[in-house]
Structures are given as structure tokens and as C-alpha cells.
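As C-alpha cells, the structure follows; a few thoughts come after it.
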Amino acid sequence: MAFEGLADRLQNTIQRIKGKGKVTEQDVKEMTREVRLALLEADVNFKVVKDFVARVKERAIGQEVMESLTPGQQVIKVVKEELTALMGGEQSKIAVADRPPTIIMMVGLQGAGKTTTTGKLANLLRKKYNRNPMLVAADVYRPAAINQLETLGKQLSMPVFSLGTDRDPVDIANQAIEKAKADHNDYVIIDTAGRLHVDGDLMQELKQIKTDVAPDEIFLVVDAMTGQDAVNVAESFNEQLELTGVILTKLDGDTRGGAALSIKAVTEKPIKFAGMGEKLDELEVFHPERMASRILGMGDVLSLIEKAQDNIDEKRAKELEEKMRSASFTFDDFLEQMSQVRNMGPLEDLLGMLPGANKMKGLKNVQFDEKQISHVEAIIQSMTKKERQDPSVMNASRKKRIAKGSGRTVSEVNRLLKQFDEMKKMMKQMTNMQKGKKGKKGKGFNFPFM
Amino acid sequence: MSFFKKLKEKFTGNDEKEEVSDKYKEGLAKTRGSFSGKINDLIARYRKVDEDFFEDLEEILISADVGMATVMDLIDELKMEVKRQNIKDSEQVREVISEKLVEIYYGDETAQEVEQLNLKDGELSVVLFVGVNGVGKTTTIGKLAHKLTQEGKKVVLAAGDTFRAGAIEQLEIWGERVGVEVIKHSAGSDPAAVIYDGVQAAKSRQADVLLCDTAGRLQNKVNLMNELSKVKRVIEREIPGAPHEVLLVLDATTGQNAMSQAKTFQEATDVTGIVLTKLDGTAKGGIVLAIRNELHIPVKFVGLGEKMTDLQSFDAQAFVYGLFSDMLEEVNE
């Protein structure tokens, strides 16, 4: 019921309008109502939704629709453009100070994930930008917060500056900067204690740190699951500290993350990174444009390919991309790719990025775990060459043999065969989309589901 | 007698109750300020009860994270009530709104017992804490350990969050503060094994209550949810009838995803109650309405601040009183 994704919801409406030759004012009204509901259910702030819907309505009912040959497309175009505008344009980069160290301050409510994100951000700075960061434990309030950051520092083999819990966080920050200069760390990330935006004393402490160390970046760390209040939190932190950016955490959950839209709309500060998992390498650069596409169910092929490039060399990435798009692959390719894909992160994430994957029956609720993947490998390895090349030869006795060989059950073998089939279908769809794009070049806008 | 007067009577002239309601009033100052303030605003703006009025009311409720389904139900019921009583003046609708809110809140279960913690007298009771990352599980355990110790119970804690850096140390610090024993393994070990040891230790020390911490996990991570079910099975196997409570800790600032959390954790661990944390910071609380209304899981505790003593047993009436006390005072004048 209520947990339909924004993409599903919009696509349902689109499906209805799609069949029509002409979009009436009533259709637009119906559609914008769906948009409104979907956005509200996705925790987008109601004021933001109101403005958004008004803009869409105005543009959609106007001339654009009347002139269009395919009105459904036009409405979607308007929604997508407005959504992208709302999410912000291009992705933004992280600051580099003229004279090192570059100082980053992490602020936010309790439990948003500041400490974990501090570790992840440091890891990203080293891995992607070849930097040498130092972490600063300025959360003297929460029990074991310093310990947590020190543990992360150990895992990353990175220096953590701390003076225990008896010192003033402002002192800690000041001394940390001196230490970083002496040790030639080019980035300093200050982890501050979680606090309520309405807590005057604690907000004053942050202002003092800001005045003293003059940070190049102040990142507000926000839980992607935050509800309507996200707006007030972001507004208040922004007013008091002049944020430079936002990091969205726990985006790997099943939240629809409407908070992202709201925060962007009220603070006009870019969302720079997104936390996508519990491991230290699961912080990603946030792509507003792609996020808007993803909300509309158009998938995120770009992210997928970038992920592949991070983990396998470019040549192999290209091969992979080619193979995924050609849809002509066999169980052998599947096996080979599985090990590559496994390096790219959880499969559910990857599937989520594929266009239309959330609409595909049988794929929608597919859940993967690592153990299951080993089982899949065992099953494929128990197939003969012929079976791997052409699964259509499969019969009951073959399945039984495969099950025996892999130590799995026949129903598991069946399930894999079915999933493989679905996967091929999905790839076919991607290929079609590619062709469609090429074919209609010059006409501009085109959607995979239309 | 009017609804407000009834509520008011319940909480005045009784010292103990007044104390409870004062705590709520204090903790909910922000929630109340914005919520009833908005409703008062609305009533001042509209003289007549019409479609626009209801549309604005809908927005107020949505902005409190009540959730679309509940809001729509509520608005429908209000419209019917307004029609039935033939209310035209917006002033009159104020009470109907509050009455309906409370009705949704209570649902069919008016019994106070659902809000009590189910603890056995004279034998070991086990409470398992579950929830997503960063909601305040460990802190809540610390606070509850303090509360139970104050009540004269012998409490043991089990450090089942072996995943997050610093989680075991965090619980240990709480153990020291409160003066209770913490059973732990090293970081990265099997949580089910820690909980097993916790149960054995609590038994042999003849403790009254064992509070089990677990690592935060997002509800869509299937293997992590399976791990949680396993932890629960270990407890079930060691003590028949245990765990006596499975408490889902929810962050009050969470939006509609709280419902998905409640549903999925309920499937994995048969959640018996909810602890709503960080309610002091949010202008909301509406999610409580939605959860009571849709999932019938009672809220058992509310986190109203950062101090050790800031965990309150949930008292729906006191909560509502806190939420509406501005209006109540106006009625009194």
C-alpha cells in the first residue's frame, strides 16, 4: 500500500495517461494529485510539495502540452525537469583550501551518523583524491564517541586527534589544527557531538568552533529517513552556521528520502555525499541529476557504470557494459561477471539502478545475500557446457543432476533458471532503450517506458 | 462534561499525576507549541468550516508526520462529525479535532496495561532492543537500566552490538554510570553468542531483568534481519516465554519510514512495544498516532531528553494532555 516508491506511483499514472492521444486538464489534475501524494508519502515537506505541484500544474496545463504530439511525455518531462531543478543542478566538489589543511566540520542531530560518516569521508578523500586526512574527536558528550572514532581511525590507519572527554570541544578543535599543520595533514575533519538545532548552548559551541578554526566546509549530516522536520533542522543549522553542504546518510535503506528534496529546497545548499551502507567505503558522491532520474524510475545506469570503473579497470568495465547491454550472454558469462559484479557492492543496489527494474515482476522483491551467490555459483558450476550455453535444454533429470552436484535443491535450480530468464529480459529492455535513443535522435526527449 | 474538562480533571488535584504531566508538558513544549499553535491559528483564520479549512487542517497533520493514510481517515471522520453535529463555526470544531485525535490514539485498546512493561516477578525477564541505526538503542538501555535499578531490580546488560565501532564501550560506560554488570564479547563476535552468555550470566546472578542491546540495522537488509531473528530464537530456547518484551526503538524525527521499520521488525522479532526517542527535539509526535492506528503496537516509553532520568513510561493521556495543554488552559479561562 503506502510503500510504493515514488517511481512506481508516478509510473502508474503515466501508464494511464500514456494510452491517451490527448491530455486534458482533468488528466493533469489527476496526475499532479498523484505527484503530490507520492511526494508527501516520501516525506517531502508539504510546503515544498505545494510549490512543486503548483509549478508542474502551471507548466503542464499550459501550451507545452497542447502543442505536443505525445502529451504524456510532455507531462513527465515537466515533472522531471522541475524535480531536477529542485534537486539542484550539477554535482558539487569538495573544497580545497589555498593553504592546507582544508578544514571540514561535521554537524547534525544525534544519531544521524556523523562519526561513521567522518570515517567514510576520510577514506574517500584518501582513496579518491589521494589526500592525507586527520580525524578530530570533538564529541565529548556521548559515551564512547571518541572511542568509536579512534576505532575507525585504526581500521583506516589514520591519525585521530583527541584530548579525552574533559576538555572543551573548542580547545580540541584549535589544538587539532596546530597538530595537523605540524604533521602535514592536508585535511582535518572535525567530528562534533550530535545536538538539537534548538539547543542554544550547544549551538553556541559550534559557532565558537567555527569562528576559531574557520572551516572550509561545514557539512550537515542528515538521516535520509527524516520526516517533515528535516526542513526545520536544516534551516536552523544553516541560519546559525552557514552550511556549505549536506551529507545524506542511510540512503541504502528503503526510505524514499524525500528529506533530500526538502533540504535542498529550503537551504539551497548542495547535497554532496550519500551514505550507502555500513562499510567504510560506502560513501558516494551525490548526483542530483541522477537522483531525480532514479525517482522517476529511469534507473541510474551512469552510477552503475561508475561503480564498475571504481572496482575493475576501464577495459573490463567497457566489456561489462557491452555485455550487459547486448543481452546475449550465457550462464558462463553470468558466472564470470558475478565475481566482478560482486566487487561492485550489494546486488540489490545494482538492480535498483537499472531502469525499470523496480517495475519488473519477480525482480521487484528479489533479495540477495552473499551466501546465496555462492549457492548460485555452485549450481552453475554443476551445469554442463551445453546447459550453460543454452538453458532451454534443461529438463527434470538434468535439474536433478545439477541439484545433486551443487548440493542444492531442485527448486533452487528452478529459481535460478527463472531469475536468469528475468535478467535477460531486463537486459533486452535496456538494449531497446539504447536503440530507441539512437533511433529518435534529434527529437530530444524519450523514455524507456513509453 | 466537555472532553477537555474531563482530561483536565484527570491531571489536576493529584500530585503524582501532576508531576507526570508536568514532565510531559516540559518535554513536549516544542511539539505542543507548534502543533496546537497551528490548530489555533487555523481556527482563528477560518470562521466557517469549509473545504479550505479541511485542506489546511490536512496540511497541519501531515506536517506533524501523521502519515497520509491516517490523515485521510481522520479528515473523513471529522467531516462526518461536523455534518452530524451540524457545526458551522470553526471554534466549535476545535474540540472535535482533539477528541478524534485521542480516539485514534487509543483505538480499541484503552487498557492502561498495554503500556506497562511486561516483567515477571521473582524470575528473570528478558528485554530485547531492536531498531535501525542511530535511533538511540544503547542510550535507551542505559536509561531503562537506571530506571529499573531505582525500582530496586537487579539488572544485567548484554552488549549485543558487536558491529558498530565503540558500541560495546558505550554500553560499558552506561553500565558504570548506573552500576550494573555488562556481559560482552570482543567487537566483531557473534551477537547471538553474546546474548546467550548474557542469559546464562543473568540466570546465575539471579538478576531480575536482562536488557539486550543489538546492532542497528536497516530493515531492508535481509541477512541482518535474519541475524536478529536468530538472536531472538536463542533467547526463546534458553528461557521459555522469553523475551518478555521486544522493544523497537524509533527516532521521533523519522518520517513515514517509521511505519516500514515497525512492520519489518515486527515480522522478524514480534515487536511488543515501541520506545519513541528524541521526542524533545521534534515538533512532531504524529508518527505515534499513525503507528497506534495502523499497527496496534503500543508505545511503552518516550525519550524526552538527554539525562539519565529522561526516559518516561508512556502515558497516552499525559501525552495528549501535554499536546493540548495550551488549548486546555484556554478552555479553563
Estimated inter-spin distance, A:Q419 and B:R177, nm [label 7 Å along Cα→Cβ]: 4.4
Total charge dipole magnitude, the stretch A:149-288, about the Cα centre, Cβ charges on Lys, Arg, Asp, Glu only, Debye to nearest 20: 220
Violating pairs (Cα-Cα greater than 27 angstrom) within the set A:K279/A:K399; A:K207/A:K269; B:K100/B:K300; A:K154/B:K153: A:K279/A:K399; A:K154/B:K153
From phi via Karplus (6.51, -1.76, 1.60), per-residue ³J(HN,Hα) for the stretch B:73-86 in Hz, x at Gly/Pro: 4, 4, 4, 4, 5, 4, 4, 5, 4, 4, 5, 4, 8, 6
Semi-axes of the equivalent ellipsoid for the stretch B:212-261, Cα gyration tensor, largest first, Å: 23, 13, 8
Ranked packing of A:160-169, B:165-174, most packed first, by mean Cβ within 10 Å: B:165-174, A:160-169
Summed residue charge, Cβ within 11 Å of A:V96's Cβ, Lys/Arg positive, Asp/Glu negative: -1
R0 of 56 Å, Cβ-Cβ distance B:E55-A:T384: FRET efficiency to nearest 0.05: 0.25
Surrounding net charge for B:E172, when Lys and Arg each add one and Asp and Glu each subtract one, Cβ distance under 13 Å: -3
Residue-by-residue Karplus 3J(HN,Hα) for the stretch B:96-102, coefficients 6.51, -1.76, 1.60, Hz, glycine and proline x: 4, 4, 4, 4, 5, 4, 5
Mean projected area in nm² (Cα convex hull; one quarter of hull surface) for the stretch A:82-186: 8.1
Set B:K230/B:K263; A:K371/B:K137; B:K120/B:K147 screened for pairs whose C-alpha atoms are more than 23 Å apart: A:K371/B:K137
Too-long pairs where the Cα-Cα distance tops 28 Å, listed order kept, from A:K50/B:K38; A:K250/B:K38; B:K143/B:K232; A:K50/A:K250; A:K93/A:K250: A:K250/B:K38
Relative frequency of Cα-Cα separations exceeding 23 Å in the stretch A:102-298, percent: 39
Calculated from backbone phi, Karplus (6.51, -1.76, 1.60) coupling profile of the stretch B:138-154 in Hz, x at Gly/Pro: 5, 4, 4, 4, x, 5, 5, 4, 4, 4, 5, 5, 4, 7, x, 8, 8
Three-way shape label, the stretch B:196-313, alpha-carbon gyration tensor, a/c 1.5: oblate
Separation of the B:D270 and B:N40 label points, Cα + 7 Å toward Cβ, nm: 4.7
Local net charge near B:I239, Cβ-Cβ under 11 Å (Lys/Arg +1, Asp/Glu -1): 0
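A short reminder: the numbers here are calculations on the coordinates, not readings from a lab. These numbers come from a predicted model, not from an experiment. All Cβ positions, even for glycine, are placed from backbone atoms using ideal geometry, and neighbour counts span all protein chains on display.
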